[in-house]
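Shown next, in structure tokens, is the structure this report addresses.
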Amino acid sequence: MIYELVKKETKEHIFSRKGIGFLFIVSILLSIMSFGFISVKELSLLDQPSIVMTTFKLLLGINILISMVIGSTMVAGEKEKGTLESLLLTPLTKRKIIIGKLIAILVFWLTVTLISLPYFIVLSNGTSMLPTILFYLYVVGTVLVISFSSIALIFSTILASTKNAMIVGLMIFLITLVPMFLSTTMKKAGFAKLIQSYSPISASMKTMKDLFINKLGALDILVGMVPVFVFFVLALSVSLLISKKVDFLGGE
Amino acid sequence: MIKTIGLRKVYNNDYEAVKHLDLNVGRGDIYGFLGPNGAGKTTTIRMLTGLIEPTEGMVFFNDREVSKGKQELKNNIGVLPESHGYYEWMTGKQYLLFFASLYGMNKASRIQRTNDVLEMVDLTEKANIRIHQYSRGMKQRLGIARTLLHEPQIIFLDEPTLGLDPQGQKDIENILVQLNKEQGVTIFITSHLLKDIERICNRVAIVQRGSLLVEDTIPSLLTTYEAMIEKENVNLEDVFFFLTDEKRGESKHDL
Ligand SMILES: Nc1ncnc2c1ncn2[C@@H]1O[C@H](COP(=O)(O)OP(=O)(O)OP(=O)(O)O)[C@@H](O)[C@H]1O
Ligand SMILES: [Mg+2]
């Protein structure tokens, strides 16, 4: 039952014109970056770990952005088109509807990781970074994508329009990104410090750096990763709880 | 088959869309649920089909309270919501197969049943065309086909003829009568086309501003109001206006 829903969602949002467009953008970006790293002198002076990290950061950032855009459309879009009511009237439970849509977003992420794999293999050529990259793609990346997508799906469920759902979802994503725009000194004070220490995105980037450059051990990495997993558990459980309780047709 | 006791719905804690409704829909009925715009018809259907929770009151489906068995209800009712949309990128057949799978049918019965319902609504020839190329009437017939996939005991249709031309209305009417006669499907329908309702329904309820004005079989309704309406050959439309106008008159007095 849920499999059929996943199939429909994937056809509609992932392997549709829009979804393939997104995939195309991701591959173009990867190509431009890799080409830049290899050909442009200054950039190619960067050490390989930095190159891999920057590429991963960008890939994950863009993918989360796209996932949130897709996630916001998934429920609110069905409200706008008037198809949600019929879906809710089938034996599918609200929770299964949310899970089905979440899985479809994951299909997108898996496709993106497959596209990016050859690039990472080339960029990490001659080093032993590949296993770590795979860990970040398939464990950390997947966990982050699920977390942010479920947030997008929550707002898509609560709010009546795709536009509003997208705005609120993206705001949350941007907040977790704040540290990236701040200088090192600014990161040490007040609100910025708070986000810096608790943002799952910051945590994942920091641990990656710790692994590649500071060469910290597994335990330190695990501790550094705590915000990522706390965020994951919170986002997913809240969305699954809400999906059961909330009036999907509310906000009309 | 459907029975409600004191059904009430308050939106946002301040707007009472449905006030204490007691309805009775019998097995095999074609039940017309009538009322002016904003009377609370759609709200009532949403409560009957378990889509929204009543603020107060109870709904019984085959003597079982609905709030206690949502899945059982879902498996036995078909619903065509008010202003519904379609996955326009699918073909009519894909659309039906998709919903059939959500009802848990296996592949063979999915295909068989999809072909059967397509036949019932006369869409077999258009089955492999994408829905965005369908006319309004075809979409509406496809919607009715969808409500029938899992062989429900009762179907709820919220203004199924909205925006259709006379031929389209006639087609839907014929489909419904045939379904009722040949397969014994109970039909709960709202519509503003009182002449059609009079022709196909055996029972009607008229609601206004969330309150039930009357619920009766059509012949008995006409007999009751014949004396009060000073006109020959009273029809459903006369009764409808008589009841809803009188109410308006009263509320004017109140002011
Ligand atoms: N989700 C909602 N929130 C708040 N008010 C609502 C909501 N849905 C309906 N209403 C209000 O409740 C009243 C009844 O609406 P409803 O749609 O049930 O009427 P209806 O009889 O189906 O009308 P129509 O013939 O126009 O379809 C209306 O005044 C409407 O504005
Ligand atoms: Mg209505």
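The values are calculated or read from the model by the stated rules, or taken from the named source; none is laboratory data. Predicted model, so just to flag it, every value in this text is computed and none were measured. Heads up, the Cβs are rebuilt from the backbone with ideal geometry, glycines too, and the neighbour counts pull from every protein chain shown. Ligands, DNA and RNA are stripped out before the accessible areas are found, and what is left, the full protein with its side chains, is counted by its heavy atoms. Shrake-Rupley method; radii C 1.70, N 1.55, O 1.52, S 1.80 Å.
One table, with the values for the structure above:
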| read-out | value |
| --- | --- |
| Solvent-accessible surface ranking, highest first, for B:Asp238, A:Asp220 at 1.4 angstrom | A:Asp220, B:Asp238 |
| Share of pairwise Cα separations in chain A, more than 35 Å, in percent | 18 percent |
| Principal axis box of the protein assembly as shown, alpha-carbon based, largest edge first, Å | 98, 55, 36 |
| Cβ-based charge dipole, chain A, positive-most Cα from A:Thr55, A:Leu84, A:His13 | A:Leu84 |
| Chain A, relative contact order [Cα under 8 Å, separation at least 6], % | 25 percent |
| Distance violations [Cα-Cα > 23 Å] among A:Lys81/A:Lys101; A:Lys18/B:Lys139; A:Lys94/B:Lys139; A:Lys7/B:Lys68; A:Lys8/B:Lys74; A:Lys163/B:Lys9 | A:Lys18/B:Lys139; A:Lys94/B:Lys139; A:Lys7/B:Lys68; A:Lys163/B:Lys9 |
| Total formal charge among the other residues, if their Cβ is under 10 angstrom from that of B:Ile218, Lys/Arg +1 and Asp/Glu -1 | 0 |
| Whole-number percent relative contact order across chain B, with pairs defined as alpha carbons under 8 Å at least 6 apart | 25 percent |
| For region B:71-85, Karplus couplings with θ = phi - 60° (6.51, -1.76, 1.60), whole Hz, Gly/Pro x | 5, 5, 4, 4, 6, 10, 10, x, 9, 10, x, 4, 9, 9, x |
| Per-residue SASA entry for A:Thr93, accessible area with 1.4 Å probe, Å² rounded to 10 | 50 Å² |
| Dipole magnitude (debye, nearest 20) for region A:2-245, charges at Cβ of Lys, Arg, Asp, Glu | 440 debye |
| Chain B - charge dipole about Cα centre, Lys and Arg +1 at Cβ, Asp and Glu -1, debye rounded to 20 | 1120 debye |
| Accessible heavy-atom area order of A:Glu78, A:Glu12, B:Glu151, highest first, probe of 1.4 Å | B:Glu151, A:Glu12, A:Glu78 |
| Chain B: antiparallel DSSP beta bridges as a percent of all, rounded to 5 | 55 percent |
| Accessible surface of A:Ile20 - all protein chains present, 1.4 Å probe, nearest 10 Å² | 90 Å² |
| Most mobile of B:Gly50, B:Gly143, B:Gly85 in a GNM of chain B (Cα contacts under 10 Å) | B:Gly85 |
| From phi via Karplus (6.51, -1.76, 1.60), per-residue ³J(HN,Hα) for region A:28-34 in Hz, x at Gly/Pro | 4, 4, 4, 5, 4, 5, 4 |
| Principal axes of region A:1-122: Cα extent on each, largest first, Å | 60, 22, 17 |
| Amide H contacts of B:Leu157 (H built 1.01 Å from N, under 5 Å, at least 5 apart or other chain) | B:Leu80, B:Phe188, B:Ile189, B:Thr190 |
| Karplus-derived HN-Hα couplings along region A:211-225 (A = 6.51, B = -1.76, C = 1.60, θ = phi - 60°), whole Hz, x at Gly and Pro | 5, 6, 9, 7, 6, 6, x, 4, 5, 4, 5, 4, 5, x, 8 |
| Environment charge of B:Gly57, counting only residues whose C-beta is closer than 14 Å and scoring Lys/Arg +1, Asp/Glu -1 | 0 |
| Distance between modelled label sites at A:Phe35 and A:Val230, nm, 7 Å Cα→Cβ extension | 4.3 nm |
| For B:Asp29, residues with placed amide H under 5 Å, excluding near neighbours | B:Ile187 |
| Mean Kyte hydropathy of -1.0 or more with a Cα span along the axis of at least 15 Å, helices from DSSP in chain B | B:92-102, B:107-120, B:136-148, B:236-254 |
| Choice from A:Ile66, A:Ile97, A:Ile201 with maximal GNM fluctuation in chain A (Cα, 10 Å cutoff) | A:Ile97 |
| Surface accessible to a 1.4 Å probe, A:Phe229 within the full protein complex, Å² | 80 Å² |
| Fluctuation leader among A:Leu182, A:Leu174, A:Leu211 - chain A, Gaussian network, Cα springs under 10 angstrom | A:Leu182 |
| Sparse-neighbourhood loop sites, GluC sites (Glu not before Pro) in region B:175-235 - DSSP loop, at most 13 other Cβ within 10 angstrom | B:Glu230, B:Glu232 |
| Label-reachable residues, region A:67-98, where backbone N falls under 14 Å from a point 7 Å from A:Ala160's Cα toward its Cβ | A:76-77, A:79-82 |
| Charge dipole (debye, nearest 20) of the protein assembly as shown; +1 at Cβ of Lys and Arg, -1 at Cβ of Asp and Glu | 2380 debye |
| Amide H contacts of B:Leu213 (H built 1.01 Å from N, under 5 Å, at least 5 apart or other chain) | B:Ile206, B:Val207, B:Gln208 |
| All Cα pairs of chain B, percent lying beyond 25 Å | 46 percent |
